[in-house]
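These notes concern the structure reproduced below.
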Amino acid sequence: MKKFTVKSGLVMPLDRANVDTDFIIPKQFLKSIKRSGFGVNLFDEHRYLDKGEPDMDNSSRPLNPSFVLNQARYQDASILLARDNFGCGSSREHAPWALDDYGFRVILAPSFADIFFNNCFKNGILPIVLPRQTIDELFTAVLANEGYNLEVDLEQQELRRPDAPDIQFEVDAFRKRCLLNGLDDIGITLEDAELISAFESRWREQAPWYFAQSDNGATENSEAAGEHQS
Amino acid sequence: MSGKTLYDKIWDSHLVKEREDGTSLIYIDRHLIHEVTSPQAFEGLRLAGRQPWRASANFATPDHNIPTTSEERKQGLEGIKDPVSKIQVSTLDDNCSEFNIFELKMNDLRQGIVHVVGPEQGATLPGMTIVCGDSHTSTHGALGALAHGIGTSEVEHVLATQCLMQKKMKNMLIRVDGELPTGVTAKDIVLAIIGKIGTAGGTGYTIEFGGEAIRSLSIEGRMTICNMAIEAGARAGLVAVDEVTLEYIKGRPFAPKGALWDKAAQAWKELVSDSNAQFDSIIELRAADIEPQVSWGTSPEMVAPVTGAIPTLENVADATKRGNMEQALRYMGLSGGTAIEDIRLDCVFIGSCTNSRIEDLREAAKVVAGKKVAANIEMALVVPGSGLVKQQAESEGLDKIFIEAGLEWREPGCSMCLAMNADQLGAGKHCASTSNRNFEGRQGFGGRTHLVSPAMAAAAAIHGHFVDVRKLA
């Protein structure tokens, strides 16, 4: 996973609650079998005036001038300021992939949908939950001040505002360590491979029905399947 | 000491390791796979030179991209006109073959929407932990399994380690007491719940659904409820195991047999919340108060009873909420105060992992039998959830009922629920849909979705606008 190295960034406000993952990246772009290149289709149905399709030349598509992402003052923003329940709906990781590919590395909201929140951490994006009042203050400040930047200090779990007191935020200790060091989740889990194998043997004895053969063509055939051997 | 909830029990039995900050390693019994969210995960395995930890725990089927007309399906992969979709489906075939993963391919009779097929094959068992790169994995909770959606990084993580890193959720109980009135279905219950608690009401929780109205539902009805737990913000929904659960599972291909069945069934009877279990939140509804529901906006919480009207904005104090409603009404081309029954429709979609099982099709067929689709309905699709559901429906003659009434009878798949294949709702068109999401553009660019039960969708097809299905009896 990529290390979280953001020190500061321009803030872009998206003043809308319940932004779902279809809003973030529409389904037609989910047909890609790659992880990259989704940034140009971030917020596609709102950012462009026509219907987007994969493999289109996005540079020649008509932009929606009233959509915040297209406004000159928010170009190069890396911090997204959002409303409640951001990222609800589908589990598509293409949503954080698109946000990251565009350049958003920090998302501030009063609440996030669970799956999206989790997916962000897997991609080096920091989602921060802040009290509703703080979010309201930030919306006011961003709209009033062109070029509104925030300093992000993940180590100290602090956001520094140019015009108001610093904001403390919460982040799980383990997730913070992974972000700061760019740790690979799978690698970390496999450090516990023996523990997993021991659990599995015990569980196989205790609940053998979850490991039973099917009469349907799928078999518990660990050697043929090249399965994990501990 | 307080007892354990069903969620506590399944969590505890799968806990491999817990870190100081509560981050835990949870063992995963079943991993369901489809073509959209898995290619990057398999690619990750390959790049790292890893093999699946336990290949037989995986179960795959393509569903999102595949065509649903029989002409296209007859041609196999060649029938998928969109080359990008075709690559995604063939990539799943290749990955399953390379990593020795069980797959029901596109034209296997048993293929279908992964959340219909899993339970149908007995690959979903009580007490299991089940994950899939799809948010509607919550469906499987209807059988007393802890099941939820994950992202593609986690798909790779589960493939490689058979575990997930997670923090435990909180416990919520939603109890629906009393007997469900005639003409009111599982879909109406869950839409009414979401209308009450909102789309973020269950965020951070696993929801257990209980009470007489839930207990009296079939497994298929319980699946409809758990399917939409995610629309209430909860990654997982659960219903306790009872005789109905065991009856449903017994004899299915992946279910244990003989002496192993007896032992399993005995163990599964423990999969209920203890009577003294503590829930962090309890929500109560009276079944008698629930009417057939229709969504009018662009979020599943924007619902109203069919006898009601679209809410007016004057009384909404919260500015953000009012803004959302305004935006939704603008998108939907509707205005506050309009009676639900006055909403004119252009399309009808009966299908999706929420409502495409045999009981759903029977309900819909009952309503359209001997009638004709209204003249203003341009497209009315019936898309069974699996090849076996389709076969069963045809053996009961339901296909003929739909076709004679003027609806199209299609091959199984996700179809117009999310419109990744060619089945798409046109811009500005209103669709009565038995699916689960009415987000902007969900069923097609500019399309306007109204979420309803199968019976309500069928009635709308006949009348061309919403009607109270209870009045048709």
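The values are calculated or read from the model by the stated rules, or taken from the named source; none is laboratory data. A quick note: this is a predicted structure, and the numbers were derived from the prediction, not measured. Here the Cβ positions follow ideal geometry from the backbone for every residue, glycine too, while neighbour counts run over all protein chains shown. Each accessible area value is taken on the protein alone, full model and side chains, heavy atoms only, with ligands, DNA and RNA left out. Shrake-Rupley method; radii C 1.70, N 1.55, O 1.52, S 1.80 Å.
Annotations
- Test: residue in the stretch A:91-100 that is open to solvent by less than 10 Å² (accessible area, probe 1.4 Å), out of contact with any Lys or Arg (no Cβ under 7 Å at 6 or more places or on another chain) and hydroxyl-bearing (Ser, Thr, Tyr): yes
- Residues that are surrounded by 14 or more Cβ atoms within 10 Å (Cβ to Cβ) and within 14 Å of chain B (Cβ to nearest Cβ), drawn from the stretch A:159-176: A:171, A:172, A:174, A:175, A:176
- Scanning the stretch B:82-113 for residues that are more than 11 Å from every other protein chain (Cβ to nearest Cβ) and exposed (fewer than 15 other Cβ atoms within 10 Å of the Cβ) yields B:97, B:109.
- Hey, residue B:75 touching a Leu at 6+ places or on another chain (Cβ under 9 Å) and without any contact (Cβ under 8 Å) to a residue 60 or more places away in the chain or not: no
- Criterion (open to solvent by less than 10 Å² (accessible area, probe 1.4 Å) and over 17 Å from residue B:452 (Cα atoms)) met by exactly one of B:413, B:351, B:428, B:370: B:413
Here's the yes/no breakdown for (1) away from chain A (no Cβ under 14 Å); (2) of a type outside the set (Val, Ile, Thr); (3) open to solvent by 50 Å² or more (accessible area, probe 1.4 Å):
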| residue | (1), (2), (3) |
| --- | --- |
| B:307 | yes, no, yes |
| B:319 | no, yes, yes |
| B:323 | no, yes, no |
| B:342 | yes, yes, yes |
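- With respect to the stated conditions, residue A:53 fails to be farther than 19 Å from residue A:141 by Cα, acidic (Asp, Glu) and at pLDDT 95 or above.
- Within the set A:133, A:156, A:75, the sole residue that is surrounded by fewer than 16 Cβ atoms within 10 Å (Cβ to Cβ) and closer than 27 Å to residue B:231 by Cα turns out to be A:133.
- Hits in the stretch B:124-147 (condition: open to solvent by less than 10 Å² (accessible area, probe 1.4 Å), facing chain A (nearest Cβ under 10 Å) and of a type outside the set (A, V, I, L, M, F, W, C)): B:126, B:127, B:129, B:133, B:135, B:136, B:137
- Helices (runs of 4 or more DSSP H) enclosed by the stretch B:1-81 - at least 3 residues per element that are within 24 Å of residue B:172 (Cα to Cα), out of contact with any Cys (no Cβ under 9 Å at 6 or more places or on another chain) and open to solvent by 10 Å² or more (accessible area, probe 1.4 Å): B:6-13
Each row is one residue, and each column tells you yes or no for (1) free of Cβ contacts under 8 Å to residues at least 24 places away in the same chain; (2) more than 27 Å from the chain's Cα centre (by Cα); (3) in a loop (DSSP other than H, G, I, E, B).
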position	(1), (2), (3)
B:275	no, yes, yes
B:283	no, no, no
B:316	yes, yes, yes
B:324	no, no, no
B:380	no, no, no
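- Verdict on residue A:51 being surrounded by fewer than 19 Cβ atoms within 10 Å (Cβ to Cβ) and within 16 Å of the chain's Cα centre (by Cα): no
- Exactly one residue out of A:49, A:30 is aliphatic (A, V, I, L, M) and in contact with a helix residue (DSSP H, G or I) (Cβ under 9 Å, 6 or more places away or on another chain), and it is A:30.
- Pairing each residue of the stretch A:27-47 that is more than 15 Å from residue A:103 (Cα to Cα) with any residue that is open to solvent by 20 Å² or more (accessible area, probe 1.4 Å) and part of a helix (DSSP H, G or I), provided the two are 6+ apart or on different chains, yields C-beta distances under 6 Å for A:31/B:84; A:33/B:91.
- Within the stretch B:4-19, at least one residue is within 23 Å of residue B:126 (Cβ to Cβ), without any contact (Cβ under 8 Å) to a residue 40 or more places away in the chain and either facing chain A (nearest Cβ under 9 Å) or of a type outside the set (D, E, K, R) (or both).
- Residue list for the stretch B:278-300, restricted to those being open to solvent by less than 50 Å² (accessible area, probe 1.4 Å), aliphatic (A, V, I, L, M) and touching a strand residue (DSSP E or B) at 6+ places or on another chain (Cβ under 7 Å): B:283, B:285, B:287, B:294
- Candidates B:272, B:303, B:244, filtered to the one that is surrounded by 24 or more Cβ atoms within 10 Å (Cβ to Cβ) and among the β-branched types (Val, Ile, Thr): B:303
- Residue count for the stretch B:247-258 satisfying the condition of being in a helix (DSSP H, G or I) and either among the hydroxyl-bearing types (Ser, Thr, Tyr) or open to solvent by 10 Å² or more (accessible area, probe 1.4 Å) (or both): 3.
- Meets criteria (more than 19 Å from residue A:97 (Cα to Cα), open to solvent by 20 Å² or more (accessible area, probe 1.4 Å) and among the small types (Gly, Ala, Ser)) for residue A:59: yes
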